[in-house]
Amino acid sequence: MIDVVKYILPELFIVLFTVSYLTISVLSNGKALVAYSNNISAIFLLLASAIVFTQDTSSDPVMNGFYSSNAFTSFFKGLILILSAIVLHLSDDYLKKNNLQIFEFPLLANFSIVGMMIIVSANDLLSLYIGIEMQSLSLYIMASFSRDNAKSTEAGLKYFILGALSSGLLLYGISLVYGTTGSTQFHIIYDTIMYSDSLLGLQVGMVFIISSIAFKFSAFPFHMWTPDVYEGAPTPVTAFMAIVPKLAIGAMFAKVLFDVFGGIAHNWQLVLVFLSGGSMIVGALGAIAQTNIKRMLAFSSIGHVGFALMGLASVSPEGLSGFIIYLFLYSIMMIGVFAFILNMEKDGVLVTDIYLLAQYSEKRPGVSFALTLLLFSLAGIPPLAGFICKLYVFMAIINSGLIYLALVGAIASVIGAFYYLRVVYIIYFMEKETKLDGRMPFTHLCILFFASAAIVIGTYNLLGVEPLTRAAAQSLIY
């Protein structure tokens, strides 16, 4: 029992805190420490991340094969916890201004985070499914958290309906894989594939599973929910969805492809090429027409998913390492951007229209410069970290011989640079009477400047994570 607990200690720690806080809040009619609930949850998430980084990662798999504990899982779980804590802190001011600060918000986020941690450590298709549902059910509620807002309710409903379809695809794929191999555990399925000639049912199941994960990852052609949900959900929820689940689902994508279907990589490589190329083009073209910054970032995230998937499509340790680096640096860039978006305010009202940024540089030159650096990095302009992470996946895909996909990526990068540079143009050069007048809290400013500094420093040594990503990639590839 003790051996089992030590591998799931971070998850148990968060669950015990969440259930305890929920009990206290219910007994006090939601009045106990509600004003500090986000920050209290953030502190406990940081404590859980400390537990993750001190865990034993030498035993893999564990818990009778249902769970894994290695460098890959520790890297992603620690990152998920740290970024979740930052997002919860950033959300606090927004929730107060919009009368949405109730104790359920951070608790729902915590349950979603536990689901993500299960996803990352899952070594069985059924435990993977449980993690996905635990994450998704919380996100459905969070997306429609602003009950008086029609767009928020619509976002939650759309996400729920399409998410249910995605879960159905996943379960059907799991049933086909189980029917073919007689197991749902990753390593057993992998060994069965290596020594079996009858793989038709497994290949069909693989397609369904990849399709389901592609939906969760906002990859083309399963991206249709992303712009509406990002726009309609409260901005803190959009920030959470745009950053944290991307890490968990990305880790799941890599694990399923390499740990489960690694023996038939030639079969899923072309599927990944299709998903990657389509996502890059749709993301780049879709973002051009957007004036709502949340919708713009939704299409942008679809495009970045396409770039990241190039690393997996290369089917190589270098590509997998590049994929992890891409997700890491992308999350840092987005945390900085949302630190700013959460404070876009005009006459006391929070806004999302990019044209309200007109000549913002005259009022806040330091903030404008930091935001510009992040936008340049997202566009992949050298020598910032966003360019470096794209370089990693481009090199991996070229070395694998898929030069045509690299060409599609190059075209998408050029198109994508337009809508990022348009925002920079508005900030510095566009004249308009209506302008933002809100002020950013000190900690939000610190996060924005830290993120912008990180993507500059990251051009030198990728913030020191390259050895960690290589170790994580090696622990995943047999």
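The values are calculated or read from the model by the stated rules, or taken from the named source; none is laboratory data. Computed from a prediction, not measured in an experiment: that's the story for all the values here. Cβ sites come from the backbone with ideal geometry, for glycine too, and all protein chains shown count toward neighbours. The area values use the complete protein model at the heavy-atom level, side chains included, leaving out ligands, DNA and RNA. Shrake-Rupley method; radii C 1.70, N 1.55, O 1.52, S 1.80 Å.
Results, tabulated for the structure shown:
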read-out: Condition met for residue 299 (open to solvent by 10 Å² or more (accessible area, probe 1.4 Å), touching a Pro at 6+ places or on another chain (Cβ under 8 Å) and not aliphatic (A, V, I, L, M)); value: yes
read-out: Any hit, segment 187-202, residues being surrounded by 24 or more Cβ atoms within 10 Å (Cβ to Cβ), among the small types (Gly, Ala, Ser) and touching a helix residue (DSSP H, G or I) at 6+ places or on another chain (Cβ under 6 Å); value: no
read-out: Contacts under 9 angstrom Cβ, first residue in segment 249-272 being touching a residue at least 12 places away in the same chain (Cβ under 8 Å) and open to solvent by less than 10 Å² (accessible area, probe 1.4 Å), partner assigned to a helix (DSSP H, G or I) and basic (Lys, Arg), 6 or more apart; value: 249/216; 251/77; 252/216; 253/216
read-out: In segment 164-186, the residues that are assigned to a helix (DSSP H, G or I) and either touching a strand residue (DSSP E or B) at 6+ places or on another chain (Cβ under 8 Å) or open to solvent by 70 Å² or more (accessible area, probe 1.4 Å) (or both); value: 165, 171, 172, 178, 186
read-out: Meets criteria (modelled with pLDDT of 90 or more, of a type in the set (Gly, Ala, Ser), touching a Pro at 6+ places or on another chain (Cβ under 7 Å) and open to solvent by less than 20 Å² (accessible area, probe 1.4 Å)) for residue 278; value: yes
read-out: Test result for residue 425, under 18 Å from residue 333 (Cα atoms), open to solvent by 80 Å² or more (accessible area, probe 1.4 Å) and without any contact (Cβ under 8 Å) to a residue 24 or more places away in the chain; value: no
read-out: Complete set of residues in segment 256-308 that are within 19 Å of residue 242 (Cα to Cα) and either outside any helix (DSSP H, G or I) or aromatic (Phe, Trp, Tyr) (or both); value: 290, 291, 292, 299, 307
read-out: Of all residues making up segment 342-374, the number that are in a helix (DSSP H, G or I) and touching an Asp or Glu at 6+ places or on another chain (Cβ under 9 Å); value: 2
read-out: Some residue of segment 204-214 being of a type in the set (Phe, Trp, Tyr), open to solvent by 10 Å² or more (accessible area, probe 1.4 Å), touching an Asp or Glu at 6+ places or on another chain (Cβ under 9 Å) and in a helix (DSSP H, G or I); value: no
read-out: Failed item, numbered, when residue 190 is tested on (1) over 26 Å from residue 476 (Cβ atoms); (2) modelled with pLDDT under 85; (3) not basic (Lys, Arg); value: (1)
read-out: Whichever residue in segment 375-419 is in a helix (DSSP H, G or I) and of a type in the set (S, T, N, Q) and, among such residues, is nearest to the chain's Cα centre (by Cα); value: 377
read-out: Residue match in segment 124-135 (condition: closer than 24 Å to residue 253 by Cβ, among the acidic types (Asp, Glu) and open to solvent by 10 Å² or more (accessible area, probe 1.4 Å)); value: yes
read-out: Residue among 3, 93 that alone is acidic (Asp, Glu), at pLDDT below 85 and surrounded by fewer than 18 Cβ atoms within 10 Å (Cβ to Cβ); value: 3
